[in-house]
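Since the structure comes first, as structure tokens, the remarks are kept for the end.
The values are calculated or read from the model by the stated rules, or taken from the named source; none is laboratory data. From a predicted model like this one, the values you see are computed outputs, not experimental measurements. In this analysis, Cβ positions are derived from the backbone assuming ideal geometry, glycine residues included, and neighbour counts consider all displayed protein chains. Ligands, DNA and RNA are excluded from the accessible area calculation, which covers all protein heavy atoms including side chains. Shrake-Rupley method; radii C 1.70, N 1.55, O 1.52, S 1.80 Å.
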Amino acid sequence: MTSWKLRTRTLTLDEPRILGIVNVTPDSFSDGGLFLSGEAAVEHGVRLVAEGADMLDLGGESTRPQGATPVSVDEELGRVLPVVRALREQLPDVPISVDTVKSEVAAAVLEAGAEVINDVSAFRLDPRGAEICARAGAGVILMHSRGTVSDMATYRHASYGADVTSEVLSELSERVRAAEAAGIGKGQIAIDPGIGFSKRSEHSLAVLGSISRLVALGYPVVVGASRKRFIGELTGVSTAAERVEGTVGANVMALALGARVFRVHDVRATRHALDVAWAILRSGGER
Ligand code: HH2
């Protein structure tokens with residue numbers, strides 16, 4: 001898969017792509033409250049693009065492991081819609097993705113110019129989102145998770161047999177089939193193993209280590225390892241915002257194993273690392 005069809009354009013994937021995270025939330029696990037005002041969020045997005053982000057992912061509802069607080073449609077829209085509009089104006093060439101599980105939010109942000117809907121439930125929690133994305137021709141990220149917004153990043157549903165990746169693959173494939181049945185084109189879909197979502201560290205490591213099995217499904221693979229708990233556990237860094245080196249290591253490995261889109265908070269470090277890793281991979285003739 002060398003490209004990904006978004007709402008009004010196509011993103012080529014012949015080089016690693018970085019999705020910079022802009023959390024317009026009071027409670028996100030590593031940067032909650034930092035960019036809650038619209039102005040701060042826009043400024044942050046502009047900075048991430050200057051640092052090398054190819055796209056921006058805006059989120060108005062956290063899924064934090066300590067139990068996220070679900071927000072209403074109005075509240076979520078109040079957070080993200082002004083930021084989508086302002087970024088469209090200031091950075092018309094940068095595709096905007098919105099991280100939401102609500103079809104009403106998806107409809108409004110697509111109308112306002114978003115190119116991608118990033119649904120951490122892969123339209124499991126609100127299947128109407130798939131129809132809305134199909135009608136708009138939007139790009140979608142279908143992420144593997146189990147449970148609700150409040151508990152999907154906890155361990156409540158983190159029980160797997162010996163082959164974690166097979167279970168993730170089969171649950172994700174079911175979501176891909178549902179999305180395609182709703183009318184979303186194959187070329188519009190990217191898939192994401194959902195690092196840390198209903199997964200203990202050993203589960204996250206297992207799916208990352210076998211990410212080539214996701215790549216083999218034929219959809220672009222997105223990885224969201226940024227600052228997550230398994231990195232804290234492996235490095236002993238308890239403060240999430242200080243996990244940049246571990247994040248870079250995870251993303252470089254995921255690139256080597258075939259992932260092409262990297263959802264990160266720390267754009268500058270990731271850009272430099274992925275560009276160097278990619279140059280090495282290409283010089284060895286791998287793609
Ligand atoms: N992880 C988070 C949120 N959205 N989307 C995709 N596609 N993949 C991910 O791994 C992913 C995601 C959690 O990270 P963050 O947005 O920083 O935190 P919070 O959910 O607390 O806002």
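With 42, 71 as the choices, which residue is among the hydrophobic types (A, V, I, L, M, F, W, C) and not in a loop (DSSP other than H, G, I, E, B)?
Exactly one of 42, 71 is among the hydrophobic types (A, V, I, L, M, F, W, C) and not in a loop (DSSP other than H, G, I, E, B), namely 42.
Would you be able to tell me the number of residues in segment 201-229 that are assigned to a helix (DSSP H, G or I) and either surrounded by 24 or more Cβ atoms within 10 Å (Cβ to Cβ) or hydrophobic (A, V, I, L, M, F, W, C) (or both)?
Qualifying residue count for the region: 9.
Looking at 235, 239, which one is within 15 Å of the ligand (Cβ to nearest atom), open to solvent by 60 Å² or more (accessible area, probe 1.4 Å) and over 16 Å from the mean Cα position of the chain (by Cα)?
239
Could you figure out which of (1) within 14 Å of the ligand (Cβ to nearest atom); (2) under 22 Å from residue 60 (Cα atoms); (3) open to solvent by 20 Å² or more (accessible area, probe 1.4 Å); (4) not acidic (Asp, Glu) isn't true of residue 132?
Failed condition: (1).
Kindly establish whether residue 125 is surrounded by 22 or more Cβ atoms within 10 Å (Cβ to Cβ) and among the hydrophobic types (A, V, I, L, M, F, W, C).
Taking the combined requirement at face value, the residue does not satisfy it.
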